[in-house]
1. Would you mention how many residues in region 271-281 are surrounded by fewer than 21 Cβ atoms within 10 Å (Cβ to Cβ) and closer than 16 Å to Val306 by Cβ?
2. Read through the list (1) open to solvent by 30 Å² or more (accessible area, probe 1.4 Å); (2) part of a helix (DSSP H, G or I); (3) among the polar types (S, T, N, Q), then give the number of the only condition that Ser79 fails.
3. Give the number of residues within region 299-322 that are open to solvent by 10 Å² or more (accessible area, probe 1.4 Å) and within 12 Å of Val265 (Cβ to Cβ).
4. Listed residues Glu177, Glu148; which is over 19 Å from Asp219 (Cα atoms), at pLDDT below 90, touching a Phe, Trp or Tyr at 6+ places or on another chain (Cβ under 8 Å) and not polar (S, T, N, Q)?
5. Could you give me the residue pairs with C-beta distances under 7 Å whose first residue belongs to region 170-192 and is of a type in the set (Asp, Glu), whose second residue is surrounded by fewer than 19 Cβ atoms within 10 Å (Cβ to Cβ) and part of a loop (DSSP other than H, G, I, E, B) wherever it lies, and which are 6+ apart or on separate chains?
6. Would a scan of region 282-293 turn up a residue that is surrounded by fewer than 15 Cβ atoms within 10 Å (Cβ to Cβ) and among the acidic types (Asp, Glu)?
7. Residues that are among the charged types (D, E, K, R): which helices (runs of 4 or more DSSP H) entirely in region 271-356 hold 3 or more of them?
8. Please go through region 245-296 and give me each residue that is aromatic (Phe, Trp, Tyr) and more than 18 Å from Met328 (Cα to Cα), ordered by number.
Amino acid sequence: MTPHADPASAADATVDDQGLNPRRAAILEAVVAEYIGTAEPVGSSHVASAPGVRVSSATVRSEMVALEREGYLVQPHTSAGRIPTDKGYRFFVDHLTQPGVLGPAQRRRVTQFFDQVHGEMETVLERATGLLSELTSYASVVVGPSHETATIRSVQLVGLSPVHALLVVVLSDGAVEKRTIDVPDGTTDDDLARAGSVLATRLVGRTLTSPWAVPPSGDHSVDHLVAAAHGAFDAFEGADPNNVFVGGPARLAQSFDAVETVRSVLAILEEQFVVVTLLRDVLDRGLSVAIGTEHGYEPLSSCAVVVAPVTVEGHSLGAVGLLGPTRMDYPRAMAAAHVVGERLGERLGGGHDAKH
């Protein structure tokens, strides 16, 4: 046996649940990792020297032909090297030897972000998309909790002018809903305070969609303000229940070669219902990654979607997602989505109160 001959071992004969023996699996993972890093078709010489392969270039070439035959790799016409197919990426994601971990600088950035970001929950969610894009260089999506299940934490009426007041409703998920209402000329701060007290007494602990439960008080000034607030609550109920925020769309132009692909992805990101449905469908199927056509959206067939849930006390209240090319750095994207989703869950669960 020559120094470069392949060791014949029983391990090479075993196959995993997708029909690849350890050597072939190592070669496929090396091709995927190399292509993710370089965007250039991968030749056998690069793979032969990869960690965990340790076989001759000739054997690598033979195994890459077999992987191409089995649908894991494809050979572009203009190159002797090969690139992964969606099936190849799926194998890579499903067989990551260890989950991705953010580097020290990225972890510090996440900690710094959540230590410093304040304000309404919508502000936190929107800025979190920027953090995700910064960590990964991909377009990001954050879907906040639906207000349909959040309970009312507080209700206030604040005077803005002699004929306008601001209704402020703070929800249990940290969101703040505001509406300007018309008030009779001459309404006093005391009138607003009394009306706010009546609203709080009857509404705190209920949801925005609960049946209206504020009976007349007998105080004409208060009842007029309560009626105006009732109209504002109807507007809350009719609003889009999904908080969807998109970050880093400009990064798509750097990720894809085809302008048509960029346009298609941007168009999808503008359709909030589609985005929410896409992320939830992936999670509902028990996946954290959907590659190519797996997600069922033809315009995104050259894309991969990485998703992580935002959970509070075991309940899913939202999701974070990253959208990029199938040649995505999956370990880093999965790590970023997981960490940011976890920290958002802590904030939604009340961790934001402790920060203030």
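The values are calculated or read from the model by the stated rules, or taken from the named source; none is laboratory data. If you're wondering where the values come from, they're calculated on a predicted model, not measured in any experiment. A quick note on method: Cβ atoms are made from the backbone with ideal geometry, for glycine too, and the neighbour counts reach across all protein chains shown. To get the accessible areas, we keep the full protein, side chains included, count just its heavy atoms, and leave off ligands, DNA and RNA. Shrake-Rupley method; radii C 1.70, N 1.55, O 1.52, S 1.80 Å.
1. Residues meeting the conditions: 2.
2. (2)
3. Adding up the residues that qualify gives 3.
4. Just a single option satisfies the conditions, and that option is Glu177.
5. Listed pairs, sorted by first residue: Asp182/Val163; Asp185/Pro162; Asp185/Val163.
6. Yes, region 282-293 contains a residue that is surrounded by fewer than 15 Cβ atoms within 10 Å (Cβ to Cβ) and among the acidic types (Asp, Glu).
7. Ranges flagged: 272-284, 330-346.
8. Result: Phe245, Phe273.
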